[in-house]
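Undergrad: Below is one structure. I have some questions about it.
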Number of protein chains: 2
Amino acid sequence: MNPAPLTDFSKLCIHTMTTKPWDIETAMDKYAEAGIGGITVWRQWLEGQNIEKIGDDLRARNLEIVSLCRGGFFPSATKAGLDAAIEDNQKAILEAAELGAPLIVLVCGAIPGQSLENSRGQIIDGICKILPLAEEHNIKLAIEPLHPVYADDRSAINTMASANEVCDKIDHDLLGIALDVYHVWWDPELKKQIEITARANRLFAFHICDWMTPTADLLNDRGLMGEGCINIPEIRALVEANGFQGFNEVEIFSNRWWSEDQGKFLSDIKNAYLNHC
Amino acid sequence: MNPAPLTDFSKLCIHTMTTKPWDIETAMDKYAEAGIGGITVWRQWLEGQNIEKIGDDLRARNLEIVSLCRGGFFPSATKAGLDAAIEDNQKAILEAAELGAPLIVLVCGAIPGQSLENSRGQIIDGICKILPLAEEHNIKLAIEPLHPVYADDRSAINTMASANEVCDKIDHDLLGIALDVYHVWWDPELKKQIEITARANRLFAFHICDWMTPTADLLNDRGLMGEGCINIPEIRALVEANGFQGFNEVEIFSNRWWSEDQGKFLSDIKNAYLNHC
């Protein structure tokens, strides 16, 4: 299945983490100059900054603020840890509101040695506790199922099916799913689960990058689209056939790319976007 | 759920790959001295050897030959590659027969850039082509679903559900599944899929080790039982509650452990077996 080719950058969004060496001012100027349509801001880029002003500056450059990354990490072995996670997620909601981001991506969390089932319970509790503040500010929350390789310490939600199950249990219009091809490309149930997600109107975000063979570093060796084995056009076709009209968000963590000239990288991202997505 | 505690080594099997620095003669002497019940032989240990004699030597030491590792790697982009894989798997069947191993473990294979669906088709074709020879020698074949982190280049079968689907399609008494806790511990469907596997009388093997946090090397940083986050007793309880009575096979690939004294490692394995399985 081939999707309509991408011919411009109006639906291209870049995560500030993708061009990690750039601070927020540089990133917004460079993305705008390059004609990129959207930006997803990682919270580290907002630390100690005037967040409202950054929101204004982004809008002044015609960069649509797609989402804030990231909330989550709900599980903890202690009550204090659980409370701290709620507090941090509430802070993220306020930051999203100040910035003007309509959505927060949730990397839900996991703790080595605690059962994934227990962690999922804590995740559900945590999301329920932050939803009232999200309602107040009309901020959507998107669970990003993480690849099972991160089930030990980053997320107990490792498939679209599992994310859909959590969404079903909580059943709230502001709660949905962020699909990142890196995490779900291998799943034999992907088509079916995208359909379920879309039918429930909860496919909130679509992240792209590629899977390198071999993968030199489990966290920071993602590939530029086209460098790896993920059939991105096929997955984009699936989400679009199911009604998704949002941004294609480039989220690449890569020690290799971060060590390159970021202007060259941005130009390579644009080429890869047109040719391999 | 707690299983009956393990109090002796009669159901402990060790893979020759676990004590990689030892050649086959050393491994069989050391395992026998340590009172280990079974051995799974990797094919590299048989290269250039008199395989029948090794089988006799193992039996003379009261080591039950649990399986031969490994066949599989069926997918290929070329006809020649597909044919070569069949030939190699037929060779493995003859080796298993010579050795006196009742079972071959299949790591089914995948090719970066070829769709997993296509690879699964080639895997099914390949298994069907080698089954006649397996019948002739009464050798069982066990599909080992591999963790999704290996979906790019090692196996297109990444869940118990997917392995069960392939077994359903081929539907042959000699074809079943090898469950390795390393590959499936994260799966929310694990309990359900173990039940399906057991009901179909196809749970042929049970492999144990642990998942390290962080994992320094994707292939060769498995942990000794108890070092990581996998709840091995819980999974053993599940397979035993479903009728599994086979060996608990210790299969640890670890640069760290391979660099230690292997006699000490074997003793640590025995302790971990009694205390963390």
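The values are calculated or read from the model by the stated rules, or taken from the named source; none is laboratory data. Predicted, not measured: the structure shown is a model, and the values here were computed from it. Neighbour counts run over all protein chains shown; Cβ positions are idealised from the backbone, glycine included.
Undergrad: Name the residues in region A:232-251 that are touching a helix residue (DSSP H, G or I) at 6+ places or on another chain (Cβ under 9 Å) and buried (at least 16 other Cβ atoms within 10 Å of the Cβ), would you?
TA: Across region A:232-251, the qualifying residues are A:Ile232, A:Pro233, A:Ile235, A:Arg236, A:Leu238, A:Val239, A:Phe244, A:Gly246, A:Asn248, A:Val250, A:Glu251.
Undergrad: What helices (runs of 4 or more DSSP H) lie completely within region A:168-277 and have 1 or more residues being within 12 Å of chain B (Cβ to nearest Cβ) and under 22 Å from A:Cys69 (Cβ atoms)? Full working, then the answer.
TA: Values: elements: A:181-184, A:190-199, A:232-241, A:255-258, A:262-276.
Answer list for region A:168-277: A:181-184, A:232-241.
Undergrad: Here are some residues: A:Ala200, A:Ala163, A:Ala178, A:Ala156. Which one is of a type in the set (Gly, Ala, Ser) and surrounded by fewer than 23 Cβ atoms within 10 Å (Cβ to Cβ)?
TA: Working: A:Ala163 fails: surrounded by fewer than 23 Cβ atoms within 10 Å (Cβ to Cβ); A:Ala178 fails: surrounded by fewer than 23 Cβ atoms within 10 Å (Cβ to Cβ); A:Ala156 fails: surrounded by fewer than 23 Cβ atoms within 10 Å (Cβ to Cβ).
Sole residue among the options that is of a type in the set (Gly, Ala, Ser) and surrounded by fewer than 23 Cβ atoms within 10 Å (Cβ to Cβ): A:Ala200.
Undergrad: In addition: Would you check if A:Ile65 is surrounded by 14 or more Cβ atoms within 10 Å (Cβ to Cβ), touching a Pro at 6+ places or on another chain (Cβ under 8 Å) and among the aliphatic types (A, V, I, L, M)? Give the steps one after another, and end with the answer.
TA: Values: surrounded by 14 or more Cβ atoms within 10 Å (Cβ to Cβ): yes; touching a Pro at 6+ places or on another chain (Cβ under 8 Å): yes; among the aliphatic types (A, V, I, L, M): yes.
Yes.
Undergrad: So, one more: Do we find that A:Gln193 is at pLDDT 95 or above and surrounded by fewer than 19 Cβ atoms within 10 Å (Cβ to Cβ) in this structure?
TA: No.
Okay, residues lined up against (1) of a type in the set (Phe, Trp, Tyr); (2) more than 18 Å from the chain's Cα centre (by Cα):
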site: B:Asn2; (1), (2): no, yes
site: B:His15; (1), (2): no, no
site: B:Gly37; (1), (2): no, no
site: B:Trp42; (1), (2): yes, no
site: B:Ile51; (1), (2): no, yes
site: B:Leu58; (1), (2): no, yes
site: B:Ser67; (1), (2): no, no
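Undergrad: Another question, then. Quick one: count up the residues across region A:63-101 that are part of a helix (DSSP H, G or I) and farther than 19 Å from A:Phe206 by Cβ. Steps first, please.
TA: Step one: filter region A:63-101 for residues part of a helix (DSSP H, G or I), giving A:79-99.
Adding the requirement that they be farther than 19 Å from A:Phe206 by Cβ leaves A:79-95, A:97-99.
The total comes to 20.
Undergrad: Could you please give the count of residues in region A:39-55 that are acidic (Asp, Glu) and either touching a residue at least 12 places away in the same chain (Cβ under 8 Å) or closer than 23 Å to A:Ile269 by Cβ (or both)? Quick ask: steps written out before the conclusion?
TA: Our first condition is that a residue be acidic (Asp, Glu); within region A:39-55, this holds for A:47, A:52.
Okay, now just the ones that are also either touching a residue at least 12 places away in the same chain (Cβ under 8 Å) or closer than 23 Å to A:Ile269 by Cβ (or both), so A:52.
Total meeting the criteria: 1.
Undergrad: Limited to region B:158-174, what total is found for residues that are more than 18 Å from B:Asn242 (Cβ to Cβ) and under 15 Å from the mean Cα position of the chain (by Cα)?
TA: Result for region B:158-174: 1.
Undergrad: If you don't mind, another one. Regarding B:Leu146, is this residue within 22 Å of B:Ile65 (Cα to Cα), surrounded by 24 or more Cβ atoms within 10 Å (Cβ to Cβ), in contact with a strand residue (DSSP E or B) (Cβ under 6 Å, 6 or more places away or on another chain) and modelled with pLDDT of 95 or more? Let's see the steps before the verdict.
TA: Details: within 22 Å of B:Ile65 (Cα to Cα): no; surrounded by 24 or more Cβ atoms within 10 Å (Cβ to Cβ): yes; in contact with a strand residue (DSSP E or B) (Cβ under 6 Å, 6 or more places away or on another chain): yes; modelled with pLDDT of 95 or more: yes.
It is false that B:Leu146 is within 22 Å of B:Ile65 (Cα to Cα), surrounded by 24 or more Cβ atoms within 10 Å (Cβ to Cβ), in contact with a strand residue (DSSP E or B) (Cβ under 6 Å, 6 or more places away or on another chain) and modelled with pLDDT of 95 or more.
Undergrad: Output yes when any residue across region B:228-243 is farther than 26 Å from A:Gln114 by Cα, out of contact with any Gly (no Cβ under 9 Å at 6 or more places or on another chain) and small (Gly, Ala, Ser), and no when none is. Spell out how you get there, then give the answer.
TA: Filtering region B:228-243 for residues farther than 26 Å from A:Gln114 by Cα gives B:243.
Next cut, out of contact with any Gly (no Cβ under 9 Å at 6 or more places or on another chain) only: B:243.
Right, trim to small (Gly, Ala, Ser) and you get B:243.
Among the residues of region B:228-243, at least one is farther than 26 Å from A:Gln114 by Cα, out of contact with any Gly (no Cβ under 9 Å at 6 or more places or on another chain) and small (Gly, Ala, Ser), which makes the answer yes.
Undergrad: Now a separate question. From the set of residues in region A:1-26 that are aliphatic (A, V, I, L, M) and out of contact with any Cys (no Cβ under 8 Å at 6 or more places or on another chain), which is surrounded by the most Cβ atoms within 10 Å (Cβ to Cβ)?
TA: Checking each candidate, the answer is A:Ile14.
Undergrad: Among the residues of region B:123-138, is any within 14 Å of chain A (Cβ to nearest Cβ) and either at pLDDT 95 or above or in a loop (DSSP other than H, G, I, E, B) (or both)?
TA: yes
Undergrad: List pairs: first in region A:96-125 and under 30 Å from A:Arg59 (Cα atoms), second acidic (Asp, Glu), Cβ under 7 Å, 6+ apart or cross-chain?
TA: Sorted first by the residue in region A:96-125, then by its partner, the pairs are A:Glu98/A:Glu52; A:Val105/A:Glu144; A:Leu106/A:Glu144; A:Val107/A:Glu144.
Undergrad: Filter region B:149-166 down to the residues that are in a helix (DSSP H, G or I) and within 10 Å of chain A (Cβ to nearest Cβ), then identify the one that is nearest to B:Lys191 (Cα to Cα).
TA: B:Ala161
Undergrad: On to the next question. Please verify whether region B:42-62 includes one or more residues that are of a type outside the set (A, V, I, L, M, F, W, C) and part of a strand (DSSP E or B).
TA: no
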